[in-house]
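The values are calculated or read from the model by the stated rules, or taken from the named source; none is laboratory data. This is a predicted model, so every value here is computed, not measured. Cβ atoms come from the backbone with ideal geometry, glycine included; neighbour counts cover every protein chain shown. When the accessible area is computed, the model is the full protein with side chains, heavy atoms only, and any ligands, DNA or RNA have been set aside. Shrake-Rupley method; radii C 1.70, N 1.55, O 1.52, S 1.80 Å.
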Amino acid sequence: MLNMKRFLIPIALLLLVLQGCGSKKDSPLRETIKLNSDVMTPEVLWTMGRIGEFAVSPDGSQVVYSVTDYTIDENKGFSRLYVMNANGDDLRCITKGSYSQYSPAWTSKGRITYMSAESGDIQLWEMDSDGMNKRQITVVEGGITGYLFSPDEKQLVYTAEVKLKDNVADVYPDLPLSSGRINNDLMYRHWDQWVDTYSHIFVTDFKRGIISKGKDIMEGEKWESPVRPFGGMEQIAWTIDSENILYCCRKKVGKDYATSTNTDIYKYNLATDNTINITEGMMGYDLNISVSPRGNKIAWESMERDGYEADKQRLFVMNLTTEEKTDYSIGFDQNVTSLTWAEDGNTIYFISDKNATDQVYSLQLNTGSIKKITEGKHDFVSIAVAGDKLIGGIQSMSHPTELFSVNVNDGSFKQITHVNDNIFNQLTVGNVEERWIKTTDDKMMLTWVIYPPHFDKNKKYPTLLYCEGGPQSTVSQFWSYRWNFQMMAANGYIIVAPNRRGLPGFGQEWNEAISGDYGGQCMSDYLTAIDVMANEPFVNKEKLGAVGASFGGFSVYWLAGHHDGRFKALIAHDGMFNLDAQYLETEEMWFVNWDLGGPFWDKENPVVQWSYANSPHLFVDKWTAPILVIHGGLDYRICFTQGMQAYNAAVLRGIPAEFLYFPDENHWVLQPQNGILWQRRFANWLDTYLK
C-alpha cells in the first residue's frame, strides 16, 4: 500500500523551494534551497532548473541561455533568460514577469531576440543584453513557432502553423458543433496531435516596424518544415549572401508520407521564387543544416536508406558552387549530430556516441581526419563555437545539464553554469559503474550499474533490470526526469542498465541486430545482464524486477512470458503488447515496416513471421509476476489500447496488476503533478513486491 508519510516532508519542503528559488518570477537570480534529506525524492527532482537553448554572442564573449523551473501547485513550467560572460562570470537574469521567455539569439549589435507569449500568442521580441529597451517584433496572427534572421539582418524567416484542409464545419456549415473527423488517407495524426495544420516557412523584410505577416514560401503545399514531430530551426538556414533559404522537408502526403523517411534539403531563392531539391536521389533522412562561415559549403546529417529511421547518421558536406557532395563519415562507424563549423571554415565540430557516452569530435575537411576531443563519463547534448573555445551542454546519469567551456586543443572543460549546484551540494548520489559482460554469443556488452546512495556492500539489495526504448536508443549517460537512474537508486535499488543488441554507439552492426529480431538476441542480452549481476553478493536474487518504456515496455511484456521466475515485479510504460494491432494502430508506418519486416499478413516473409510470433500477447499464459502498466492517452506512436490490453490480460489471468493512465500525456509524462504521481506509483509498486 502507498505510504503517505513518505511524501509529507518533501511536499512541505517544495512549498519553501517555490517561494525562494528561481521559480519566483521576479527573483533576479536563483536562491538557496534547503533540503531536509540528502536522498533524492520526486519533489526535489521537479525543483531542479532545466537549462534549455543557449546562444553565444557574435564576438564569443557572452552566453545567453534559458532556464525552466516547474511550479508543482500550478502544474506548469516557467522559463527565464540569463546572460553571463563566456567564462561564467557576471551572471545576470535579464527577464522577469509572468510570462516565459525562450529561444534566445544574438543580433550583430549585441541585442538579444527571444520568443514569448507575453502579448497573447507566441511572438518574437528583442531587448538589450541587460534586459532593457524591450520591443515586440512580430504580431503574426496565431503566433510563430520559430525564427531566424538573415546574415545581413535585413530579412526574417519565421515558422507558423497553416490550415490547408477543410474540417467538418467547413464542409457542412450547418453542423458547427460536430466533433467528427473525416479522414481519407494515412498520417492523419502524428505523435500526439491530429494533423490539422502544417508548419510553413515565412519570409519578410525586417524593419523597425512590427511585422504582422510574411510571405509563405510553401504556400498551398500540404507538407511541413520543420519536419514533424521533433524538428526545429536547425532544419532551416540562410545562405551567407542572404539570398536563399535552405530547409528540410519530406514532400510526400498521406500513405507515401507514412511509409517513407525520404526527407530532402531544398533551396528557395528569394529573387526568383524558385525552389530546387539539392539532395535529390538521397533516399533517407537529410536533416539539420549548418552553413560554413564563408558560405561556400553546407554540412548536414544524412541517412542512406529510405524507411530506416535508425540508419547511420552520416556527415555530409556540399560545395554550393560545384554541388559536389562528400560523405566524410566513411570508415567512421558512429553517428554524428550537432554539426558546428569552426571559424576557419575547415573544421567541423560534432557530437558522437561511442561506448555509451556522447563526446565532442572534430573533422578536418582538408585531410578528412576525425579526432575525438573529449573524454569522460558524461554526454554532450549541444555545442556552439565561442572564439577559440566551445560552449557545450553536458549531462550524466548523476547530474542534469549544465553549460561548460571546452578547450578544443586538449579536451579539457570547465563548468560555467551552476543552476542546480545548491541542490546537488546537499544530495548524495549513487555510484555509476561501467561493466563489460560477455553475452551468449561471446560478444562484450557494456552495462551501467547504478548503486543506491550510501551503498553497503555487506547488504543485499533488490535489483532492477532497466530495458531501454527506441529500440535504437543508446543507454548513454543521459539524465531523465522520468526514467531517472538516481531517483530509482535513491529508493534503495541497484539498477542494471545494459546496452543490449540494437543500440547505437557500438557500431552499425550492433545497432542493426535488433531489426526483425525483437524476441531474439536482444532479449538474451537482457537476461544475461541480470543473471550476471544476480550472482553478486550484494544483490538479492529473490528480489529482481524489470522496468522499461516504449521498446523497453515491449521488452517487459515479452520478458513477462519468458523470464522463468526471475522477476518478482514488472513495470511497462507505453509498451507494444500486441504486434498485430500495433502495426495498424501506429502512425509512422516506416517504423513497423522496417523493424517488424512488414505487415502481419505477409505470410511468405520469414522475418515477418518471426517478428509477430514474438508478440508478447501470445505468451500471457506464462505470466506470473505482478505488473504495473502505464500509458498516455495522447500517445499515437503506441496507442493506449496496447497498455489496456496488457492490463486486462493480467487481471483476467489473476496476476496482480495496476493500470496508471494519463489521458493528457503522450509518449512521455511532461506535467509536474503527473510526473510526481508517476514516480510515486512506480516506487510504490516496487516497494510492494520487492521489499
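See the values below:
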item: Amide H contacts of residue 320 (H built 1.01 Å from N, under 5 Å, at least 5 apart or other chain); result: 297, 298
item: Cα-Cα over 28 Å, subset of 438/691; 76/207; 541/622; 76/154; 312/622; 96/207; result: 438/691; 76/207; 76/154; 312/622
item: Cα→Cβ-extended label distance, 7 Å offset, between residue 305 and residue 91, nm; result: 4.7
item: Potential lengthening between residue 31 and residue 326 on full extension [0.36 nm per residue; Cα-Cα distance subtracted]; result: 101.2 nm
item: Residue 98 paired with residue 75, simple spin-label distance in nm, labels 7 Å along Cα-to-beta-carbon; result: 1.9
item: Local net charge near residue 228, Cβ-Cβ under 13 Å (Lys/Arg +1, Asp/Glu -1); result: -2
item: Per-residue SASA entry for residue 291, accessible area with 1.4 Å probe, Å² rounded to 10; result: 30
item: Kirkwood Rh, angstrom, the chain [1 / mean 1/r, Cα pairs]; result: 26.7
item: Straight-distance crosslink candidates among lysines, where the alpha carbon sits under 20 Å from residue 297 and sequence neighbours closer than 8 are dropped; result: 267, 325
item: Charge dipole (the chain, unit charges on Cβ, about Cα centre) - positive-most of 254, 119, 78; result: 78
item: Distant-in-sequence amide H partners of residue 162 (H built 1.01 Å from N, under 5 Å); result: 198, 199, 200
item: Placed amide H near residue 53: partners under 5 Å, 5+ positions off or other chain; result: 66, 103
item: Exposure of residue 30 as accessible area (Å², to 10), given a probe of 1.4 Å and all protein chains; result: 60
item: DSSP-loop trypsin sites (Lys or Arg not before Pro) across the range 190-222, with at most 11 other Cβ within 10 angstrom; result: 207, 208
item: Given 12 as the ceiling on other Cβ atoms within 10 Å, longest exposed-site-free region of the chain for chymotrypsin sites (Phe, Trp or Tyr not before Pro) in DSSP loops; result: 231-600
item: The range 230-235 - phi-based ³J(HN,Hα) in whole Hz, Karplus 6.51/-1.76/1.60, Gly and Pro as x; result: 10, x, x, 5, 5, 9
item: GluC sites (Glu not before Pro) restricted to DSSP loop in the range 587-691 with at most 15 other C-beta within 10 Å; result: 604
item: Cβ-derived FRET efficiency at R0 30 Å, residue 604 paired with residue 531, nearest 0.05; result: 0.20
item: Qualifying GluC sites (Glu not before Pro) in the range 273-305, DSSP loop, other Cβ atoms within 10 Å at most 10; result: 280
